[in-house]
Amino acid sequence: MPSHLKRVESDGDWAAYHAIRKRVLWDDRGLGGYDERHPDDRLAGNHPLLLMHDGAPVGTARLDVVDQHLGIVRLVAIEAGLQRHGLGRTLMRQVETYARGLGLDRLDVNAASDAEGFYQKLGWSTVRADRENPLMTKALSDGDIAS
Ligand SMILES: CC(C)(COP(=O)(O)OP(=O)(O)OC[C@H]1O[C@@H](n2cnc3c(N)ncnc32)[C@H](O)[C@@H]1OP(=O)(O)O)[C@@H](O)C(=O)NCCC(=O)NCCS
């Protein structure tokens with residue numbers, strides 16, 4: 001599949017990253033207040049990422065490095081009209097590869113409750129179910145990419 005993950009760098013990348021996140025994670029959920037200038041997106045150690053498919057931006061994630069072992073994946077989104085076609089799986093595989101490249105060996109996510117099944121399919125486990133966004137985790141080892 002002609003897909004690749006890129007670090008958000010250019011003005012065009014930032015515009016696409018914010019547009020996808022705002023549409024999928026705020027507007028489509030009836031939420032307001034999306035902040036394109038949120039400082040966390042520019043923090044050293046936080047990696048804003050775009051999934052490109054057929055040359056177009058189709059998905060986002062941010063990988064926040066917590067320490068030398070652990071990263072937290074945040075704000076995972078695939079464009080609404082393109083969901084359930086395998087792009088989320090592709091995005092997360094590539095985020096895992098990117099995280100391994102940083103030397104990380106575990107990823108966490110505070111999953112949207114209706115996305116828990118998605119992460120389970122990709123080999124993540126729920127470690128704290130007693131919260132609105134269940135805490136899920138996945139160990140990364142060489143070659144351990146969910147099918
Ligand atoms: C969750 C999301 C990223 C998944 O991406 P996607 O492209 O739709 O997922 P895929 O098509 O790659 O699905 C991979 C597998 O997970 C399953 N799946 C996808 N979304 C699911 C969900 N919400 N619940 C349960 N299973 C799900 C698919 O059926 C597929 O399983 P299969 O291989 O057995 O057929 C995407 O639907 C999305 O952006 N949703 C809205 C925002 C959101 O909830 N983000 C997560 C925030 S933590």
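The values are calculated or read from the model by the stated rules, or taken from the named source; none is laboratory data. Here the structure is a predicted model, which means the values were calculated and not measured. Positions of Cβ are backbone-derived with ideal geometry, glycine not excepted, and every protein chain shown enters the neighbour counts. These accessible areas exclude ligands, DNA and RNA; they are computed on the full protein's heavy atoms, side chains included. Shrake-Rupley method; radii C 1.70, N 1.55, O 1.52, S 1.80 Å.
Summary table below
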read-out: Of all accessible heavy-atom area on the chain, the percent that carbon and sulfur account for (1.4 Å); value: 48 percent
read-out: The stretch 4-139: relative contact order in percent, alpha carbon pairs under 8 Å with at least 6 residues between; value: 19 percent
read-out: Taking the stretch 60-143 and dividing mean pair separation by its residue count, relative contact order in percent (alpha carbons under 8 Å, at least six apart); value: 27 percent
read-out: Sparsely packed chymotrypsin sites (Phe, Trp or Tyr not before Pro) within the stretch 13-83, loop by DSSP, other Cβ within 10 Å at most 16; value: 34
read-out: Phi to ³J(HN,Hα) by Karplus 6.51 cos²θ - 1.76 cosθ + 1.60 over the stretch 16-26, Hz, x for Gly, Pro; value: 5, 4, 5, 4, 5, 4, 4, 5, 7, 9, 10
read-out: Estimated inter-spin distance, residue 131 and residue 23, nm [label 7 Å along Cα→Cβ]; value: 3.0 nm
read-out: For the stretch 4-139, alpha-carbon Rg relative to the globular expectation (2.2 N^0.38 Å, N residues); value: 0.99
read-out: The stretch 4-139, accessible area per residue, ligands and nucleic acids excluded (1.4 Å, Å²); value: 52 Å²
read-out: Share of Cα-Cα pairs in the stretch 26-91 lying beyond 21 Å, as whole percent; value: 34 percent
read-out: Antiparallel bridge percentage (DSSP; both residues within the stretch 4-139; nearest 5); value: 85 percent
read-out: Candidates 61, 111, 44: whichever shows maximal mean-square fluctuation once the chain is modelled as a Gaussian network with Cα springs under 10 Å; value: 44
read-out: The stretch 1-68-the stretch 83-119 distance, computed between alpha-carbon centres (Å); value: 14 Å
